[in-house]
Amino acid sequence: MSGGYRQQPNSARKDGKRVAGKQVFPPPGAGGSDPVMKERDLNFIPESVGGKEPQPAGSHIHDRIRTGTIVGKPLPLVDSNAKVTGQAWYGDDVRLANESIGKILRSPHHYAKIISIDTSKVEALPGVIAVATGADSPNSFGVLPVTKDEHAMAVEKVRHMGDLVACVSAIDEATAIEALGLFEIEWEILEPVFDPKKGLEDTDEPIHWRGKYHLAKTNVQKRVFQEFGDRSLVENPFSSSHGKWTMAGVHHGFTEPHAVVAHWDPNGRLQLYTPQQVPHYTHRALSTVLDVPMHQINVIRTFVGGGFGGKSDPFPHEMCAAILARKSGRPVRITFDREEVYWINRGRHPSNIEVKMSADKEGRISGFDIDALIDGGGFASFGHVTSYYNGVLATAPYELGSFHYTGARVWTNKPASGAMRGHGAVNTRCAVEVGLDEMAEQMNVDPIDLRLANLLPPHSRTITGFRITSNGMREALERVREGSDWDNKFRKLPLGKGIGIGCGFFISGSGLPIHWDPNRFPHATVHIQVDMDGGVTVHTGAADIGQGSTTAVAQVVSEVLALPIEMIHVRSHESDTSPVDLGSYSSRVTFMNANAAIRAALDIREKLLDAAWDILGYHPNTLIINDRRIYYKHDPAIGVSYLQALHKAQEDKGALISSGSYRSPPMGGVHKGAAAGLAPAYSFSAYVAEVDVDIELGLIKCTNVWAAHDCGKALNPLAVKGQIIGSCHMGLGQVLSEKMVYGRTGHLQNANLLEYKIPSIHEMPHVEPIIVESSDPEGPFGAKEAGEGPLLPILPAVVNAVYDAIGIRYNDLPLTPDIVFKGVEKKRKKLNLEEATDLPSPRFTHGPKSIELQKALVKRSEEHKKRDLARQKTEDTSPYVNGVLFGFDPNIPLEDQVEGWRMATEPDPEQLAELGLAGKAWLKKEQRHMGGEE
Amino acid sequence: MLMPPFILHHPSSVEEACSIASELIERGEDFDWVSGGTDLLANYKWRINTKPNVISLSKIPGIDTVSDLEIGCMARLSNLEGSNVHPMIAEAAGKVASSLIRKSATLGGNLCLDTRCFWYNQSEDWRRSIEWCHKADCGTGADCRVIPNQNTLCVATYQGDIAPVLMVLGASVHLIGPNGERVIPLSEFYQLDGMKKNVLENGEFLLKVSLPEDSLSRVGSYQKLRVRDSWDFPEAGVAASWIEGDRSSIKVATTALESIPRIHTEEVSQIIEQGWDDEKSVKSLAGVIRKSVKPVNNTALPPNYRRSVVRVLIKRAFSQMK
């Protein structure tokens, strides 16, 4: 088996000259850069299949296909060379021959009807190539099929300052800018609404009109009511907390502004280049808006300079570019200024959140009430989902006696809010975690112990019916407690220094593909093609937005086929060649795409092993696939090279092709909204933050963070750590300094990166990333998400740490120095102290009762720890649903056991009077129930 | 963002610069001076009060000197950090914006910094939508948006870091123009109007800063309040210095609280007259100065907060002078 092999043995000339058609293939084993096969790396092969990789959380179904090649090893992202050498092509780097420059005319009014638009002067300007207005794009679109409320350009009215009115393309930017000044528009100014509370009231001219489904004449886009559990448990609480929060809207702050290039090729097909997280939705929306079948459109995703949810809607400027290009027959490029990025927004909703929690005398969480009024701005975007997420994603990881949620999203005349990293879960999570701390404070128990004694176990169900599989929450809490030296610091640090805890819980892939029934079509599909050179080309639609999806897909294929990573080439840019993928949102990509990629790779692997079987005569069960070589496991000398096996497998058919897909199992309840928040797996996290508070100036400095995140299995620990540290940065921005400021006239006052204060390197604490691996049974090699969940805990950890430092609970985010100062002054005056530096530090004030409770909590959590381990390893497979902690039998439906057990998605009439701020939306009726107009 | 067109003049001597200026004045053409460009050009991109001509000082040799008693207008801020200048100047220069910006930004530019306001430092579209403001009214005679109906004064905030430090060191500025050179104390350089900003006459520019001998024996501190430790302009700033042991030499100046940086001579002498009693006097001085400054709502943090913290900043500045 040395010296290569030939297509037809013994046919080479003796003089060494080549014979046409009879060339020698590269020597066996070639294909990678290293001529020598690497030994199997047993440290990265799980114990369950004879390796040395420890598996504290038990074995995994993918263990037998581990090859020790790359999974679990730190790997720089495969596209990082292109980025660090400046060769990555982002949206604005696309330069097509004969391009023209597009500019968008934006509304100077917050809310106005367009009476008329006169474009004649614009058209007359030399250098102008094409002009378009709302009349050119009557078809509406939107990211969610249920709320298609956007147009390429305003059709009847503008809904916020900066809303798109018209667009123009010209020979250069200066001409296009000049042209914008020549539009003549007649407006009818309407009364704008800025305050989301006002949005709950009836108005003459609601921002959108939903016909018979419109809620009275309000600006409410979506209202949600959910009530689960035994409400009688809330009566006579042993301890309770009540927080009324105001949280400012925040923006993603990605580096690359939006940019798009549109070109209708000579065959009349649209080629659209755009940095999109979700190219497929853009594809669909383009088809609708342009009235062109989808197969006549090729969406090319450029490199994406950061997304974080802010590039996941189909955008009107993408439509504008396509319309202008169609009109002119020339490519059109539109690049946003930073200000325009803020106008299109889709950042986190400004929120008014009220959280009431209660606990019983055993320290169990009996009541969990959330009311969330969220400010949607001018359009729906992902808001329908956000309205649910604000409630349902806050329940776990805790076992609750009851859960009550009212949520409402209202339209206001501001740039539209949308999805942002940690979508819908961040704000309420912060309020809930701070509420837990407040209860722990009242009960004089350690907040970590309170949490540890109230966790749902692995393989259980939450109060709203989410299926929890793997669950590393307990380990995460234990490890940050130990890492931070919590027990020696909490409530023991001097004034101004504090330490705080926060937990997180997030979906790992939305269980419902927005556009279709998951039982009919898969969530993700991946194609693999292996040609004679041995290189593996992977086609996926997964949009790499810097999170490393390309690397993750390449890694799993590399692992299954035992090939060096440089032999795997991922092609993911074009919709023409990529299988349909739902895109990079809801932290679905690694879970779903890597699973699909594993399946596709397994198909190729099987073909290779069968070919090796043919050559060697040993059954694949006895063969080992290792670095570019397949051999008999009891005698490694008997084997074939990867290329030999490949070429054998390719006989008579050429390139090997395979396809793999992933779809989530059926799950969840049947109540209205049950699908919101469903996911095939959930991530868990716990952070401890340490802060220094300059108590006189009100400045907070976060100094240290211990950040434990359960990502199931770190396919690439380097990338996971990057995500954790990046999440800390982003979350710290929201909790300390970032906010979209709307001034007294309703104008966004800080639409630039100087005044929108993203933390700098100086504000970054030392972050100690701690990876918890709970090995998810359905995740690829056990992996779950690590892109969004890690953001959640940092907010409450900081707010709780500030309390530990100065004894003041803040409910306004961000905690800018003026807010902190105000709180300090208030307390100083209340205590009648001379200086702020005289404020008392919060301390434990243990009494006999609290010591007893603390002991009981510790005992319970120790018992639960054993329970959790047995369940994690599936040694205990008994059913577990939320409510067992309260003494209920998980084998019988809870509503059959407890008289008061409720599962409601609409309020009872007698509840109406007690509903919170957002709950007031339930006082109104839909038009169809009012006998109103259509 | 597209830079609006302008003619860039590149004089190679101070005399040439002055003659270009006087020529432009004669022709009735507007112009701006530019040194590092970190303030002016950013505003130009936003189309804020752009001019058809810009005279750059960057090609004039010899006006970037850095010594302990004289600093040229073209001295880059990065060259002032930790070099042979007064430690207070180094401290303040090191706190300006970010290290990248300090590579470009100059002392002259920092002293002549345009005043700032969130109704003013916005794009053209943005300002059009509020129908402009008093400072950049585009010929409409628009009202002030911070304090409407007073229409005479622009209240944009001066947010330079180095001016208060130079003030408490007793610095003078050398101004030069077609009508010759003049030297005035820096404390008289600024004019309480966010539009006029300072006493520079049309065609004049700030050539250099000189410091008195006794500045070398001064010790002090500059306290800057900002949200982030990089990039951000001061939201409030206090500089204080004295010649060690000599109470009558105490000087205090504030910045970022009004349209001008201001030296608080009266307030200081009022307290000294009452007889100096270290901590107690610092406290009363802080109280008096806090009352005398009148920040308005046009920067990132609210004015009542910025005013309140003046007390703390003064206390801290003095605690570092001991």
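Tabulated data for the structure shown
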{"read-out": "Selected residue (criterion: nearest to B:Asp125 (Cα to Cα)) from residues of the stretch B:24-61 that are assigned to a loop (DSSP other than H, G, I, E, B), hydrophobic (A, V, I, L, M, F, W, C) and touching a Phe, Trp or Tyr at 6+ places or on another chain (Cβ under 8 Å)", "value": "B:Ile48"}
{"read-out": "Qualifying residues in the stretch A:75-119 (those that are within 14 Å of chain B (Cβ to nearest Cβ) and not in a strand (DSSP E or B)) - the one nearest to A:Leu715 (Cα to Cα)", "value": "A:Asp92"}
{"read-out": "Single residue of the stretch A:148-157 satisfying the filter (part of a loop (DSSP other than H, G, I, E, B) and of a type in the set (D, E, K, R)) that is surrounded by the most Cβ atoms within 10 Å (Cβ to Cβ)", "value": "A:Asp149"}
{"read-out": "Residues located in the stretch B:1-49, provided they are in contact with a Leu (Cβ under 8 Å, 6 or more places away or on another chain) and among the polar types (S, T, N, Q)", "value": "B:Ser35"}
{"read-out": "Sole residue being in contact with a helix residue (DSSP H, G or I) (Cβ under 9 Å, 6 or more places away or on another chain), surrounded by 21 or more Cβ atoms within 10 Å (Cβ to Cβ), modelled with pLDDT under 95 and in the same structural domain as A:Tyr398 (by TED's automatic domain parsing), chosen from A:Gly883, A:Gly900", "value": "A:Gly883"}
{"read-out": "Per-region count, the stretch A:134-147, residues buried (at least 16 other Cβ atoms within 10 Å of the Cβ) and assigned to a loop (DSSP other than H, G, I, E, B)", "value": "4"}
{"read-out": "Listing of strands (runs of 3 or more DSSP E) fully contained in the stretch A:583-643 that carry 3 or more residues being in contact with a Phe, Trp or Tyr (Cβ under 8 Å, 6 or more places away or on another chain) and more than 30 Å from A:Cys711 (Cβ to Cβ)", "value": "A:629-632, A:635-641"}
{"read-out": "Residue in the stretch A:851-870 that is outside any helix (DSSP H, G or I) and either in contact (Cβ under 8 Å) with a residue 40 or more places away in the chain or not basic (Lys, Arg) (or both) present", "value": "no"}
{"read-out": "Lone unmet requirement of (1) more than 14 Å from chain A (Cβ to nearest Cβ); (2) surrounded by fewer than 19 Cβ atoms within 10 Å (Cβ to Cβ); (3) free of Cβ contacts under 8 Å to residues at least 40 places away in the same chain; (4) of a type outside the set (Gly, Ala, Ser) for B:Leu175", "value": "(2)"}
{"read-out": "Tally of residues being in contact (Cβ under 8 Å) with a residue 40 or more places away in the chain and either of a type outside the set (Gly, Ala, Ser) or under 18 Å from B:Val165 (Cβ atoms) (or both) across the stretch B:96-114", "value": "13"}
{"read-out": "Which numbered condition B:Ser83 fails, given (1) touching a His at 6+ places or on another chain (Cβ under 8 Å); (2) at pLDDT below 95", "value": "(1)"}
{"read-out": "Which listed residue is farther than 17 Å from A:Trp209 by Cα and in a strand (DSSP E or B), from A:Val122, A:Val131", "value": "A:Val131"}
{"read-out": "Filter result (more than 8 Å from chain B (Cβ to nearest Cβ) and either assigned to a helix (DSSP H, G or I) or surrounded by fewer than 18 Cβ atoms within 10 Å (Cβ to Cβ) (or both)) within the stretch A:759-769", "value": "A:Met764, A:His766"}
{"read-out": "Checking A:Glu834 against (1) in a helix (DSSP H, G or I); (2) without any contact (Cβ under 8 Å) to a residue 40 or more places away in the chain; (3) within 14 Å of chain B (Cβ to nearest Cβ), the condition it does not meet", "value": "(1)"}
{"read-out": "Members of the stretch A:59-97 that are under 23 Å from A:Asn471 (Cα atoms) and surrounded by fewer than 18 Cβ atoms within 10 Å (Cβ to Cβ)", "value": "A:Ser59, A:Ile61, A:Arg64"}
{"read-out": "Strands (runs of 3 or more DSSP E) wholly inside the stretch A:320-432 containing at least 3 residues that are touching a Leu at 6+ places or on another chain (Cβ under 6 Å) and of a type outside the set (S, T, N, Q)", "value": "A:365-377"}
{"read-out": "Verdict on A:Ser878 being assigned to a loop (DSSP other than H, G, I, E, B) and closer than 30 Å to A:His60 by Cβ", "value": "yes"}
{"read-out": "Test set (1) part of a strand (DSSP E or B); (2) away from chain A (no Cβ under 14 Å); (3) more than 20 Å from B:Ser35 (Cα to Cα) - B:Leu207 fails condition number", "value": "(3)"}
{"read-out": "Elements of type helices (runs of 4 or more DSSP H) contained in the stretch A:440-542, each with 1 or more residues being within 30 Å of A:Val224 (Cβ to Cβ) and basic (Lys, Arg)", "value": "A:447-452"}
{"read-out": "Enumerated helices (runs of 4 or more DSSP H) restricted to the stretch B:218-320, each holding at least 1 residues that are closer than 26 Å to A:Val693 by Cβ and within 14 Å of chain A (Cβ to nearest Cβ)", "value": "B:278-292, B:303-319"}
{"read-out": "Filtered residues of the stretch A:697-711 (kept if within 14 Å of chain B (Cβ to nearest Cβ) and touching a strand residue (DSSP E or B) at 6+ places or on another chain (Cβ under 9 Å))", "value": "A:Leu697, A:Leu699, A:Ile700, A:Lys701, A:Cys702, A:Thr703"}
{"read-out": "Single residue of the stretch A:342-388 satisfying the filter (basic (Lys, Arg), over 20 Å from A:Gly307 (Cα atoms) and at pLDDT 95 or above) that is farthest from the chain's Cα centre (by Cα)", "value": "A:Arg364"}
{"read-out": "Answer residue from the stretch A:798-831, given it is within 14 Å of chain B (Cβ to nearest Cβ) and charged (D, E, K, R) and is surrounded by the fewest Cβ atoms within 10 Å (Cβ to Cβ) among those", "value": "A:Lys829"}
{"read-out": "Hits in the stretch A:879-910 (condition: touching a residue at least 40 places away in the same chain (Cβ under 8 Å), of a type outside the set (A, V, I, L, M) and under 30 Å from A:Val410 (Cα atoms))", "value": "A:Arg902, A:Thr905, A:Glu906, A:Pro907"}
{"read-out": "Selection within the stretch A:712-747 - crowded, with 24+ Cβ neighbours inside 10 Å, among the β-branched types (Val, Ile, Thr) and within 14 Å of chain B (Cβ to nearest Cβ)", "value": "A:Val735"}
{"read-out": "Criterion (under 22 Å from B:Leu111 (Cα atoms) and of a type in the set (D, E, K, R)) met by exactly one of B:Asp278, B:Asp232", "value": "B:Asp232"}
{"read-out": "Listing of strands (runs of 3 or more DSSP E) fully contained in the stretch A:654-731 that carry 3 or more residues being in the same structural domain as A:Arg481 (by TED's automatic domain parsing) and within 23 Å of the chain's Cα centre (by Cα)", "value": "A:682-694, A:699-710"}
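Conditions tested, residue by residue: (1) crowded, with 24+ Cβ neighbours inside 10 Å; (2) within 13 Å of another protein chain (Cβ to nearest Cβ); (3) in a loop (DSSP other than H, G, I, E, B).
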| residue | (1), (2), (3) |
| --- | --- |
| B:Asp68 | no, no, yes |
| B:Ile71 | yes, no, no |
| B:Asn79 | no, no, no |
| B:Gly82 | no, no, yes |
| B:Ala90 | no, no, no |
| B:Gly108 | yes, no, no |
| B:Tyr120 | yes, yes, yes |
| B:Arg128 | no, yes, no |
| B:Cys133 | no, yes, yes |
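The values are calculated or read from the model by the stated rules, or taken from the named source; none is laboratory data. Just so it is clear, the model here is predicted, and its values are computed rather than measured. Because the Cβ atoms are built from the backbone with ideal geometry, glycine has one as well, and the counts that use them run over all protein chains shown.
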